[in-house]
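Structure first, then comments.
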Amino acid sequence: MDLPWLRTIRHAGFAALICVAMAAMTSHARAQPAIVIDLGNGSTIFAEEADRLWHPASLTKLMTAYLAFEAIRDGRISLVAELDPSWNARSQPAVRYGLRKDRLMTLDDAIKAMIVRSANDVSVLIAESIGATLSRLDRWGRCQIDVAGAANGHWGSGGPAGVVAEHKVRHGLDHPAPPRYGYGAPRFEAEARHERLCSYRAFIAHMNLTAGRLGMKRTVFRNSNGLPDQEQVTTARDMGILAHALVRDFPAHGHYFSLAEAKVGRRMLTTSNGLLLTFEGADGMKTGFICASGYNIVASATRNGARVAAVVLGARSSGERNLRAMKLMEFGLARSAWRSVVGSAELNRYGSSGDTRLAAGNITGRIRACVYGRPSKRTSSSSSSGTGTSRGARAANTAPRPSAVAQRGGRNN
């Protein structure tokens, strides 16, 4: 017997079941990946879903900066080296500095623009320039990458410098002082682009090798700026490891991350990291945003001799991201003032080196849809691959093409 009142009860029960399921999903989504570490010894102070795979967005530029500092330390490039933008660098989507053809930029200015402005085009410029010391084309035009050998000066006469000189001789370039890392006006534009692609591939390979060496077990890099790529993933724990490595290995370059503003050429760039202006003791590091990741941040602060870093991934707004990072750093500073929870060796102990493929639905929660690269006022459930698309399109559950997405990498939107 199918009575009307019975049908009503059935429908109400089914609706209630859906509501319970949706509430459970929403509750789970609010548990965002986060970690707090003591930058003095690398110990973990707090961790929540720290090994959950996530898209890094512009936090990727922290690794690009790490490799730039490494190249400076090894003598493969200098801060006064002049970098020549390629077509690939100039064509990167927003956020951009606005590189122009034949307008050189020193590595010092490039690092400032990448960290402060979160410039995607400048990140590629840095990657290509450093990658040129790690790669070369053979006489048949095939790309040869020897990251370990070139980085240690094993290639040809003069090591990495000889490789760069080989590029210049092939294109009839002179050797200005300071050295010019680029290809200027080559005889054959197609060959120059092939060389730049080879250099960029070498840099990406170096990023992944360095991530493995540092213990970032679940991180995979596919580009140098964090633009959308389904395979580019990390975890809060791995970002914490990278933050600690930057402070430990390159303390002399820490000032780049604490810049509230920087003058590059005739332009004054302002930081997107609002915590530098609002949180007592804040001294770095980097923000990031793409539609598929939500709002990310690696933030550091120092008080009374204690220094901590907080990593927050997948916040639903810049305000939520900053508020949570502030609370985590307050907790970390208070805790590290008298003791650490676990030893420095424990930072890597709990990290799984398992599958780094991002399963569908792994990134959940209400991440704002993107139009013209900006988050709209509408919210929608988004899977790991959901991200902003081209003009007029909402977030889609397909892996995006980097050229079709304007990434708001470091901006507080």
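The values are calculated or read from the model by the stated rules, or taken from the named source; none is laboratory data. Quick caveat, the model's predicted, so the values are computed rather than measured. Backbone-built Cβ (ideal geometry, glycine too); neighbour counts: all protein chains shown.
A single member of A309, A301 is in contact with a Lys or Arg (Cβ under 8 Å, 6 or more places away or on another chain), part of a strand (DSSP E or B), of a type in the set (A, V, I, L, M, F, W, C) and touching a residue at least 24 places away in the same chain (Cβ under 8 Å), and it is A301. Of all residue pairs spaced 6 or more apart or on separate chains, those with beta-carbon atoms under 9 Å, a first member in segment 185-199 that is assigned to a helix (DSSP H, G or I) and buried (at least 16 other Cβ atoms within 10 Å of the Cβ) and a second member that is among the hydroxyl-bearing types (S, T, Y) and at pLDDT below 75 are A192/Y183; E195/Y183; R196/Y183. Within segment 136-150, residues that are at pLDDT 75 or above reach partners that are surrounded by 13 or more Cβ atoms within 10 Å (Cβ to Cβ) and part of a loop (DSSP other than H, G, I, E, B) with beta carbons closer than 9 Å, at six or more positions or on different chains, in the pairs R136/D146; R136/W155; R136/G156; I145/L134; D146/L134; D146/W155. R368: at pLDDT below 50, surrounded by 18 or more Cβ atoms within 10 Å (Cβ to Cβ) and in a strand (DSSP E or B), yes or no? Yes: the conditions hold for R368.
Residues in segment 86-95 that are of a type outside the set (A, V, I, L, M) and crowded, with 23+ Cβ neighbours inside 10 Å: S86, Q92. For segment 302-329, the tally of residues that are aliphatic (A, V, I, L, M), touching a Phe, Trp or Tyr at 6+ places or on another chain (Cβ under 6 Å) and surrounded by fewer than 24 Cβ atoms within 10 Å (Cβ to Cβ) stands at 2. The number of residues in segment 284-315 that are of a type outside the set (A, V, I, L, M), within 18 Å of the chain's Cα centre (by Cα) and modelled with pLDDT of 95 or more comes to 11. Any residue that is of a type in the set (D, E), at positive phi, modelled with pLDDT of 75 or more and surrounded by fewer than 21 Cβ atoms within 10 Å (Cβ to Cβ) - is there at least one of those in segment 68-81? No, that holds for no residue. Is at least one residue of segment 289-296 surrounded by fewer than 20 Cβ atoms within 10 Å (Cβ to Cβ), within 18 Å of M114 (Cα to Cα) and hydrophobic (A, V, I, L, M, F, W, C)? No; the residues of segment 289-296 include none that is surrounded by fewer than 20 Cβ atoms within 10 Å (Cβ to Cβ), within 18 Å of M114 (Cα to Cα) and hydrophobic (A, V, I, L, M, F, W, C). Of all residues in segment 244-282, those that are of a type in the set (G, A, S), part of a loop (DSSP other than H, G, I, E, B) and surrounded by 21 or more Cβ atoms within 10 Å (Cβ to Cβ) total 1. Quick check, is N322 assigned to a helix (DSSP H, G or I), of a type in the set (S, T, N, Q) and under 24 Å from P33 (Cβ atoms)? Criteria met by N322. Residues that are touching a helix residue (DSSP H, G or I) at 6+ places or on another chain (Cβ under 8 Å) and over 18 Å from A262 (Cα atoms) within segment 92-129 comprise Q92, P93, A94, R100, K101, V124, L125, A127, E128, S129, listed in sequence order. When restricted to residues that are more than 19 Å from the chain's Cα centre (by Cα) and outside any loop (DSSP other than H, G, I, E, B), segment 64-89 contains 5.
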